[in-house]
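A.B. asks: This is the structure I have questions about; it appears just below.
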Amino acid sequence: MNIVSLFSGAGGLDLGFILAGHKIIWANDLYSDAVQTYRHNIGDHIVEKDIREVRSDEIPDCDMVIGGFPCQGFSVANVKRHTSDDRNVLYKELLRVIRDKQPKFFLAENVKGILSLDKGKVFQMIIDDFSSLNYNVQFKLLNAANYGVPQTRERVIIVGVRTDIDFVYTFPEPSHSKEATDGKEKWVSVREAIGNLPDPDMPNNILNHTYSKYKLVFNGYIGHRRIDPDKPAPTVTARGDDKGGVVILPHPNGQRRMTCREVASIQSFPTDFEFVGNNSSVYRQIGNAVPVRMAYKIANQFNEYIL
């Protein structure tokens, strides 16, 4: 299918759809480094511009609109989140494009915290808004670890099918589980994901294999918790300061932070995917992305529909 992507970032969600056989014909993001990363790895079809300044007639017609709309205002990690947060209204731009382009399908992604914001009222409002555009809407909370991603990252996936389209989307069945029960594979561990990468302090030619020197202090807070190499990593976040390191996952050896490449591997980006920008920017791009492997599994389900 021909797909329009909003809030594309570095392209994790888009890459998953491409790997599943779909074509991204137009993409958009405001973050310059992420746009450069996208162009370098995926294509020139991305437009660097505030989506609020992009008219709907500037966007091509498509079969599907996808987007992980900005989620900082919704995240449970943001203790100051509230319904009036300006970032929360950006979903309305996704809504606007869907309304005006009337694609057969749409897919939206967001953090788990969106479900509980204002005791569920915000999420119900979003679902009602999408449904009012004549779409059959469903959603599901997915754990990336259940799809072979070495990370226990939970995300809400919202799927809409236009009411005149004879198709029912089914969310992908988990291929992995914590205990490898019911014929499933065992969750992929951190060791399996990054164990083959060389020591970043030794000469190597691995892309983005550099790390933040921000001091390690194990105190139980996000970014300061020890990593068990035999389990999936906790959620990779995009939070941080101008030093680029407060919430970067520690390496299991307890001696340093994970490199950008190691964190990208935790997000299931291929090793030849090169990020543009300094370490802080790259960590941010990776933390904001949808894990590629989970995106692929989600996208592949749309292949049941015959155009």
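The values are calculated or read from the model by the stated rules, or taken from the named source; none is laboratory data. As the structure is a prediction and not an experimental result, all values here were calculated from the model. Cβ: placed from backbone, ideal geometry, glycine included. Neighbour counts: every protein chain shown.
A.B. asks: In the stretch 115-164, what residues are hydroxyl-bearing (S, T, Y), in contact (Cβ under 8 Å) with a residue 12 or more places away in the chain and out of contact with any Gly (no Cβ under 9 Å at 6 or more places or on another chain)?
C.D. replies: Listed by number, the residues that qualify are S116, Y147, T152, T163.
A.B. asks: Just to check your reading of the model, which residue among V149, V217, V168 is surrounded by 12 or more Cβ atoms within 10 Å (Cβ to Cβ) and of a type in the set (A, V, I, L, M)?
C.D. replies: Within the list V149, V217, V168, the selection yields V149.
A.B. asks: Sort out which residues of the stretch 267-285 are in a loop (DSSP other than H, G, I, E, B) and either acidic (D, E) or buried (at least 19 other Cβ atoms within 10 Å of the Cβ) (or both), and write them in order of number.
C.D. replies: Within the stretch 267-285, Q267, S268, F269, D272, F273, E274, F275, V276, G277 qualify.
A.B. asks: While we're looking at this one, here's another question. Do we have S32 as of a type in the set (S, T, N, Q), more than 13 Å from the chain's Cα centre (by Cα) and at pLDDT below 95 here?
C.D. replies: Considered against the rule, which asks whether it is of a type in the set (S, T, N, Q), more than 13 Å from the chain's Cα centre (by Cα) and at pLDDT below 95, S32 comes out as no.
A.B. asks: Which members of the stretch 184-235 meet the condition of being part of a strand (DSSP E or B) and either under 15 Å from H251 (Cβ atoms) or in contact with a His (Cβ under 6 Å, 6 or more places away or on another chain) (or both)?
C.D. replies: E185, Y211, A233
A.B. asks: Then there is this: Considering only the stretch 1-62, give the strands (runs of 3 or more DSSP E) lying wholly within it that have at least 3 residues that are in contact with a Pro (Cβ under 7 Å, 6 or more places away or on another chain), among the charged types (D, E, K, R) and within 21 Å of L207 (Cα to Cα).
C.D. replies: Fully inside the stretch 1-62 and qualifying: nothing.
A.B. asks: Among the residues of the stretch 174-190, what is the count of those that are more than 14 Å from N143 (Cα to Cα) and modelled with pLDDT of 95 or more?
C.D. replies: 4
A.B. asks: Looking at the stretch 224-237, which of the residues that are in contact with a Lys or Arg (Cβ under 8 Å, 6 or more places away or on another chain) and within 20 Å of P200 (Cα to Cα) is modelled with the highest pLDDT?
C.D. replies: In this case the residue turns out to be P229.
A.B. asks: Additional query: Looking at G195, G240, which one is crowded, with 19+ Cβ neighbours inside 10 Å and either at pLDDT 95 or above or not acidic (D, E) (or both)?
C.D. replies: One residue alone meets the criteria, G240.
A.B. asks: List the pairs whose first member sits in the stretch 219-235 and is within 19 Å of P291 (Cβ to Cβ), whose second member is of a type in the set (D, E), and whose Cβ atoms are under 8 Å apart, counting only residues at least 6 apart or on separate chains?
C.D. replies: Within 8 Å, the pairs are T235/E154.
A.B. asks: Please identify the pairs in which a residue from the stretch 79-107 that is aliphatic (A, V, I, L, M) and crowded, with 17+ Cβ neighbours inside 10 Å has its Cβ atom under 8 Å from the Cβ atom of a residue that is in a loop (DSSP other than H, G, I, E, B) and at pLDDT 75 or above, counting only partners at least 6 apart or on another chain.
C.D. replies: L90/F7; L90/F69; L94/F7; L94/F69; L95/L133; V97/I59; I98/L133
A.B. asks: Any residue at all in the stretch 151-162 that is closer than 30 Å to D228 by Cα, within 20 Å of the chain's Cα centre (by Cα), assigned to a loop (DSSP other than H, G, I, E, B) and of a type in the set (S, T, N, Q)?
C.D. replies: So far as the stretch 151-162 goes, yes, one or more of its residues are closer than 30 Å to D228 by Cα, within 20 Å of the chain's Cα centre (by Cα), assigned to a loop (DSSP other than H, G, I, E, B) and of a type in the set (S, T, N, Q).
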